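First up is the structure itself, then whatever we jot down about it.
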DNA sequence: ATTATCTATAGATCTATAGATAATGC
DNA sequence: ATTATCTATAGATCTATAGATAATGC
C-alpha cells in the first residue's frame, strides 16, 4: 500500500488543505484526525507519518489558509489597481453569500478566538499571516502619511473581521444582511 | 447532602456564571461539565438536575453573559452622558490589559465564531443580546437620521469586536497594542 | 532496505444516566 | 414524601502508538 515520494508529498498537502477547510467549518475541536484522514482518502494511522500531532497539523493548516488569503488579496489588488480596497472587501464579505460557507473563507474570521487560546506555532504562523494581509491593505488605502495608511488599514481589517464574525453568529438573516451591507459600505470605501 | 430551594437556585446561578467565565476563557469544548461543577463546588452528577444538557448550559451562560454586558454598557452610558461611546469603547478595549483576561470579557469577541457553528437556543439568545447591545450604541452616537446612527453603531460594534479578536489572537504584544490603540482611536470617537 | 500506509488498540476524556443518600418542606 | 445532590459507571469519541504490510528507490 506504499506510494511514491511525490504521491506522499501530495497526500500531505491534501491533508493540510482539507484540514484547513474542516477546521474553519467545524472548529479545531469539531473535527478529529481520523475524519480528516478519511476525507483525504487515507486511514487514521497514516496521519502520524505526516505530522507529530494534531496541533502540528493545526499550525500547518493555519499557515496554509493564511497564505492562500494573502495570494487572493494580492491578485485582487493587482486586478483592480484603482480600487483594490473595494475589490478585497467585496470578495471578503461576499464569500458566505455565495454559499461557499466558512470552509473556504477567512481563517481570521473563522478561528481567531480559538487561535488566541492556543500557544506556540499556531499563533505565530497566524500572526505572520495577519501581518502579511495587513501589508496588502496598507497599500490599498490612501493617507497623507504611511502611518496614517497603516492606521486606516488596521481599522479596516478589524472592521471586516468583526463584520463577518457577527453576521455569521447572528440568527436573524435580515440582521446578518444588514451587518454585511454596512460593513461593505463603511470599510470598503477609502474615506477621508 | 440536600440543600434548600433557595440554595439550589443560587447553585444554579453560580454554575451559569462560572460556566460563562470558563467558556469565554477556554472555549465551549475546552471545559467539561465535570470541571464546571467542580469549580462551583458541586459534583458532576448533580449537573443534570439543573440542566438538560451541556448545550442547555451553553445557551444559559451565553444569555447571562450578554445580559451582563448590556447592564455594563447601560450604566456606562448613564455615567457618561456626553461621551457614552468613549466610555463604552474604553471599557471594552481595556479589559484584557487590566489582566482580567477573556473570562470576564465580551461574549461576542470570545465565542462568536463558535456560536455561529451551533444551532438553536444558543444562537437565538446570542442574537437577542447582540441586538440589545447595538441599541445602546445607536443611542451613543450622533447622526442626521436614525438610520445613519444605526449604520454607525453597527460599524463601530463590528470594529470593536474585530479589534479585540485580532489583538488577542496575535502573538506579538507590540502588534496587539497597536491594534487596540487604533481600535480605540477609530471606533471610540464619534466622527463626522 | 527503506518507508508510506494500514489495521488494531491502548489510554484518556467527556456527556449522560442510574440508583443511592440525606436534608428540606408540606 | 419530595428532591437536590452524590457516587459510580456506561457508552461514545478522540489522540496517539505499535506492529504489520507492500510498494518504492537505491
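Rule-based calculations on the coordinates, nothing more; no lab input. Predicted, not measured: the structure shown is a model, and the values here were computed from it. When we count neighbours, we look across all protein chains shown, and the Cβ atoms used for this are built from the backbone with ideal geometry, even at glycine.
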| message | Quick check on packing: order A:63-76, B:59-72 by the mean number of other C-beta atoms within 10 Å, highest mean leading. | response | B:59-72, A:63-76
| field | Rounded FRET efficiency, nearest 0.05, which uses the C-beta distance separating residue B:80 from residue B:135 and R0 of 22 Å | value | 0.80
| said: Please compute the alpha carbon radius of gyration of the stretch A:1-94, then divide it by the globular-protein estimate 2.2 N^0.38 Å. Two decimals is fine. | reply: 1.32
| To the nearest 10 degrees, how steeply does helix A:107-117 sit against the main Cα axis of chain A, on a 0 to 90 scale? | 70
| field | For the stretch B:71-122 versus the stretch A:69-140, the gap between their alpha-carbon centres in whole angstrom | value | 24
| task | Calculate, in nm to one decimal, what residue A:39 and residue A:189 gain on full extension: separation in residues at 0.36 nm each, minus their alpha carbon distance. | result | 50.0 nm
| request: With everything on Cα atoms, drop me the angle between helix B:120-138 and the longest principal axis of chain B, reported from 0 to 90° to the nearest 10. | output: 30
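Please say if the protein assembly as shown is rounded, prolate or oblate, where rounded means a/c under 1.5 for a ≥ b ≥ c the square roots of the C-alpha gyration tensor eigenvalues, and otherwise the choice is prolate for a/b larger than b/c and oblate otherwise?
Details: a/c = 1.92, a/b = 1.02, b/c = 1.88.
In terms of gyration-tensor shape, oblate.
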| query | Between residue A:72 and the same site in the other copies, what are the distances in nm, shortest first, taking label points 7 Å from Cα along the C-beta direction? | reply | 3.2
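Estimate the FRET efficiency between residue B:12 and residue A:147 by the formula 1/(1 + (r/R0)^6), using the beta-carbon distance for r and 45 Å for R0, to the nearest 0.05.
Numbers: r = 52 Å, r/R0 = 1.15.
So, using R0 = 45 Å, E works out to roughly 0.30.
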| task | Report, largest value first, the span of the C-alpha coordinates of the stretch B:99-139 along each principal axis, in whole Å. | result | 33, 27, 12
| query | Using the alpha-carbon atoms, what tilt in degrees (0 to 90, nearest 10) does helix A:173-187 show relative to the longest principal axis of chain A? | reply | 60
| message | Quick check: pseudo-label points 7 Å beyond the Cα along Cα→Cβ at residue B:71 and residue A:104, how many nm apart are they? | response | 4.6
| said: What would the Debye equation give as log₁₀ I(q)/I(0) for the stretch A:26-79 at q = 0.18, 0.23, 0.26 Å⁻¹, counting only Cα atoms as equal point scatterers? | reply: -0.68, -0.89, -1.02
| task | In Å and from the alpha-carbon atoms only, list the Rg and Dmax of the stretch A:82-192. | result | 14.4, 41
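Once R0 is set to 30 Å, what does the formula 1/(1 + (r/R0)^6) return for the Cβ-Cβ distance between residue B:56 and residue A:25, expressed as a FRET efficiency to the nearest 0.05?
Given R0 = 30 Å and the Cβ-Cβ separation, E is 0.80.
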| note | If labels are modelled 7 Å from Cα along the Cβ direction, residue A:13 lies from its partners in the other copies at nm distances, smallest first, of 5.9
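Looking at the square roots a ≥ b ≥ c of the eigenvalues of the Cα gyration tensor of chain B, which shape do they give, rounded for a/c under 1.5, prolate if a/b is larger than b/c, or oblate?
prolate
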| How far apart are the residue B:43 label points across copies, placing each 7 Å from Cα toward Cβ, in nm, shortest first? | 4.3
| Calculated log₁₀ intensity ratio I(q)/I(0) where the Debye formula runs over C-alpha points of the stretch B:137-192, q = 0.13 Å⁻¹ | -0.36
